[in-house]
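Report on one structure; see the data block that follows.
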2 protein chains.
Amino acid sequence: MAKDKKFVSEITSRDEDFAQWFTDVCIKAELIDYSSIKGFTVMRPYGQALWENIQKSLDAKFKATGHENVAMPLLIPESLLQKEKDHVEGFAPEVAWVTYGGSEKLEERYCVRPTSETLFCDHWAHVLQSYRQLPMKYNQWCSVVRWEKTTRPFLRGREFFWQEGHTIHETEQEAQEETLQMLNIYADFAENELMMPVIKGRKTPSEQFAGAQATYTIEAMMHDGKALQSGTSHYFGDGFARAFDVTFADRNNTQSYPFQTSWGVSTRIIGALIMSHGDDYGLILPPAVAPIQVVIVPVAQHKEGVLEAAARLKERIGKLYRVKLDDSDNSPGWKFNQYEMKGVPLRVEIGPKDIENNQCVIVRRDNHEKTVVSLDNLENELARLTKELEQALFDKAKANMESKTETLSTMEEIITSATTKDGFIKTLWCGDEECEKAMKEKAGLTSRCMPFGEQDDIDGVCPVCGKKAKHRVIWGKAY
Amino acid sequence: MAKDKKFVSEITSRDEDFAQWFTDVCIKAELIDYSSIKGFTVMRPYGQALWENIQKSLDAKFKATGHENVAMPLLIPESLLQKEKDHVEGFAPEVAWVTYGGSEKLEERYCVRPTSETLFCDHWAHVLQSYRQLPMKYNQWCSVVRWEKTTRPFLRGREFFWQEGHTIHETEQEAQEETLQMLNIYADFAENELMMPVIKGRKTPSEQFAGAQATYTIEAMMHDGKALQSGTSHYFGDGFARAFDVTFADRNNTQSYPFQTSWGVSTRIIGALIMSHGDDYGLILPPAVAPIQVVIVPVAQHKEGVLEAAARLKERIGKLYRVKLDDSDNSPGWKFNQYEMKGVPLRVEIGPKDIENNQCVIVRRDNHEKTVVSLDNLENELARLTKELEQALFDKAKANMESKTETLSTMEEIITSATTKDGFIKTLWCGDEECEKAMKEKAGLTSRCMPFGEQDDIDGVCPVCGKKAKHRVIWGKAY
């Protein structure tokens, strides 16, 4: 066991130093590696496979709701970025500028896209003519660049991967419905596949996307009580359309502006996964997106028949799950640790005694519980344990969120709570941006969202100014 | 028919102006659109769906041969690009340079990756330790930027999409085998799925990739007789490893350099597809990668039962093919033209008379041949017609290549041929770069490759210098 312990001790304990634990898991589970380019990481095969599973699932949901993938240019001319005033103010300070092509200085600077609203609008201005072409519901998978000062794997990088959906619609109502439909798709994905409870709500105006009329968000709580914005969906009205002169002949043959949305989920969600479910043994991956759902570790594999039995198991399980058989020379103990670090949901052990008894042992990653399973009942048991593990991940994260959420009404309570621990604080709010600033300055809190379903029974005052409250807000410290 | 004719006449005739015909097809089939950013195009939904089908097929082949996807940074610091001398000389003149992050001038310039050998080497130098980790067989799907002067959709753009495979191996032999394995995968894909005959061969040294010891290529011939390099695979020896100090402890515990390969296919292959198979009606797509494999057009759709019968057909065909039912208000004639322009391989027509007779009409895109098919035999007939269309596409392209390939031995013959028509010219060659340059200057020809299987029986002289020949070369004019 000494060796096992050493392996585990190579990562920092989660409760000792959460930030260091997070970085250790990213590196040790071989999700990413640092590169020589400051703020840029390398997505290693295991991290990329995880992202591809996330992509596959979301992409299918986008296509099922009538969205089509496209690919816009990587670069944006400065003049194009500047067409929408709020948008350029939000993004210009943090973009990377291309100024030379080969040895020639460019006449106009191009920025590497930080997001692509301007490019989509430019395209639509070119191709849109009639209401018959609407809606146009597009998505692209790509990376974007934002020149951040401080960076952390998955959470904040100068380059990150994401999908950005961009749509235009004939009517305001249809665009608003689209915005909420996509938020719901994100929430369902987070809760039912990533097993990560989220709060759906609307951002306060100061936290809105640059150029949006409304921004909706799903907010998750990490194990340490901090918030992580895990997906956003924006409603633009016709502001961008007006700025970019995107028009169409409507049903009365009048030139009209379409109503627009955009929505995105990025590799940040991998950071959310890690910090929601991981423990001191490393990553714990929800089965729906785990690159390896079941790992088979032969025990006493030099003994006759063990590797053959393991191979037969692999073939059988491989029909239903993404499975890996590790028949390398490493010890079973080393393998156990290795795949626990990588967060593989279920481990199947098979040795001579198991073969004799027509059984195998299945170990759950989350609670290390061992179940001896008759091979006659293998598929049923794998399905049952997968379901149970999924539910347990969700329940644990949900319990964490609930135990770290308080409803408070006075500044004194809020400041005391916020300075002693991290978590969500729910309060009323008058709607004034000055009071929001005060929450930041006095309690170090930012508004996460105005949660859906909790805005109808507002009866009380804003804890900052004492004026009549109009909204209920969830505050927190955020990644 | 007047309307149909008008629609068709909107694209230039292929034999009148091949270049204009090509551009017309790209735009009219809605594969791409021009953007406001010079040299950059927008990949529209139909083009992107086509590329995604190409990606899906190739990606599965890469994974089946043990390759894993990764994602490297978008930017390369100038110092990293400069580490391999030949490589930087090849690429530095045509890269886009990022010089500012927000409002701050960067201490070092970063280029947008024109290709990623330097990034992969930088990563390997960081993570590679032991021969036990070898081979590392990686691939990434991404876009790259090269600041070209003149650009054309799919063929030459300042940004293009591709996959770049990068591998390192313990031995020279293994790396060389990898290089050829990937070339064969490309050739099989081109011939069996894109139905595009290709010639496999080795590039002459002057045409090698910057930094490579050997470059292999698949060369296709377009309808106009010009060549299009459709995929390349490079063997690097240990040159990059030495330049980037990528080392590992080998089986004798000595620090050694691994042997390296890279290989790529880009969206150029879509250009190749268009120019191999297309005709005056527009695109013709091979079924394996066509976004829509079968389009159903109801005839007299206002009549009772027609749309219902079409919907039943869609459900039935949709189990086996990517199918679209166009029940829009446009006339059948308009729809016929539209899906011919888009290159949909098979069209299924169903009208009242067909329903009465328990039949439908299937029309092949390539030769417009109509077959009346009993619905009892629908699946068999769709399969048969798909196969026949595939074979016909291949045979036609093959016949074009063969009819435009000449074997010549004197400069006089070569110059006469090259100045009167486009095609492949096969000659012997002494191996001297000066003679290669003379072929360019005197006949306007570049060496496409030294074809495999034709290098053993060299008996004769170089047509340029008259010295003893060492190789057989295929020359041509290339896109």
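Any read-out appearing in this document is the output of simple, stated calculations on the displayed coordinates, not a laboratory observation. Values in this document were obtained by computation on a predicted structure and should not be read as measured data. Cβ coordinates were reconstructed from backbone atoms using ideal geometry, including for glycine residues, and neighbour counts include every protein chain displayed.
Structural remarks
- Average beta-carbon neighbours from other chains, 10 Å sphere, peptide B:142-154: 2
- For chain A, the fraction of alpha-carbon pairs in successive 10 Å shells from zero, as %: 4, 17, 25, 24, 17, 9, 4, 0, 0
- Under 5 Å between amide hydrogens, built in the peptide plane, is the criterion, and for A:G231 it picks out A:I218 among residues at least 5 positions away or on other chains.
- Neighbourhood charge, 9 Å Cβ-Cβ cut-off, centred on A:F240 and excluding it, Lys, Arg +1 and Asp, Glu -1: -1
- For A:D188 and A:R152, a Förster radius of 30 Å and the Cβ-Cβ distance give a FRET efficiency of 0.65, rounded to the nearest 0.05.
- Inter-part distance where the stretch B:10-75 and the stretch A:20-86 are each reduced to a Cα centre, Å: 21
- For the stretch B:160-199 versus the stretch B:206-251, the gap between their alpha-carbon centres in whole angstrom: 10
- Distances between equivalent label points of B:A249 across the copies, with each point positioned 7 Å along Cα→Cβ, amount to 7.5 nm, shortest listed first.
- Note on the protein assembly as shown: Rg/Rh from C-alpha atoms, Kirkwood Rh, equals 0.98.
- Computed extension length for A:E434-A:E172: 91.3 nm, one decimal, from 0.36 nm per residue of separation with the Cα-Cα distance subtracted.
- Nm distances between copies for A:K470, ranked from closest, using label points 7 Å along Cα→Cβ: 8.2
- A:D456/A:Q20 FRET efficiency (R0 60 Å; Cβ-Cβ; nearest 0.05): 0.90
- Dimensionless Rg ratio for the stretch A:14-277, taking C-alpha atoms and the 2.2 N^0.38 Å reference: 1.04
- Debye intensity ratio I(q)/I(0), log10, the stretch A:405-476, q values 0.28 Å⁻¹ (C-alpha model): -1.47
- Magnitude of the charge dipole, chain B, Cβ model with Lys/Arg +1 and Asp/Glu -1, debye to 20: 580
- What separates the B:N367 label point from its copies, with the point 7 Å along Cα to Cβ, is 6.7 nm, written shortest first.
- Relative contact order, whole percent, for chain A stands at 14, derived from Cα pairs under 8 Å and 6 or more residues apart.
- Rounded to the nearest whole Hz, the Karplus-based 3J(HN,Hα) values (6.51 cos²θ - 1.76 cosθ + 1.60, θ = phi - 60°) of the stretch B:382-397 follow the sequence 4, 5, 5, 5, 4, 4, 5, 5, 4, 5, 5, 4, 4, 4, 5, 5, with x at glycine and proline.
- In degrees, nearest ten, helix B:411-420 long axis to first principal axis of chain B (Cα): 40
- Counting DSSP beta bridges with both ends in the stretch A:405-476, the antiparallel % (nearest 5): 75
- Across the stretch A:97-111, coupling constants 3J(HN,Hα) worked out from phi with the 6.51/-1.76/1.60 Karplus curve, θ = phi - 60°, read 9, 8, 10, 10, x, x, 9, 9, 6, 6, 5, 10, 6, 10, 9 Hz, and Gly and Pro carry x.
- Sites A:R312 and A:A60 - FRET efficiency at Förster radius 22 Å, r taken between beta-carbons, to 0.05: 0.10
- When +1 charges are put on Lys and Arg Cβ atoms and -1 charges on Asp and Glu Cβ atoms, the dipole computed for the protein assembly as shown relative to its Cα centre reaches about 100 debye.
- Per-residue packing, averaged as other Cβ atoms within 10 Å, sorts the ranges B:320-333, B:143-156 into the order B:143-156, B:320-333, beginning with the highest.
- Hydrodynamic radius of the stretch B:52-135 per Kirkwood, over alpha carbon pairs, in Å: 15.2
- Modelled spin-label separation between B:E107 and A:T446, with each label point placed 7 Å from Cα along the Cα-to-Cβ direction: 2.7 nm.
- Reducing the stretch B:306-347 and the stretch B:113-158 to their Cα centroids gives an inter-centroid distance of 41 Å.
- Rg over Rh, two decimals, the stretch A:176-241 (C-alpha only, Kirkwood Rh): 1.02
- Shielding value for B:40-48 is 6, the average number of Cβ atoms from other chains within 10 Å of each residue's Cβ.
- Here the Karplus relation 6.51 cos²θ - 1.76 cosθ + 1.60, evaluated at θ = phi - 60°, turns the backbone of the stretch B:334-347 into coupling constants of 4, 5, 3, 5, 4, 7, 6, 4, 7, x, 5, x, 10, 10 Hz, with x for every Gly and Pro.
- For the segment B:398-406, counting C-beta atoms of other chains within 10 Å of every residue's C-beta and taking the mean gives 0.
- Modelled spin-label separation between A:W334 and A:N357, with each label point placed 7 Å from Cα along the Cα-to-Cβ direction: 2.8 nm.
- Rel. contact order, % - alpha carbon contacts under 8 angstrom, at least six apart, the stretch A:405-476: 40
- Set A:K137/B:K28; B:K335/B:K370; A:K226/A:K398; B:K61/B:K226; B:K203/B:K421; A:K61/B:K314 screened for pairs whose C-alpha atoms are more than 25 Å apart: B:K61/B:K226
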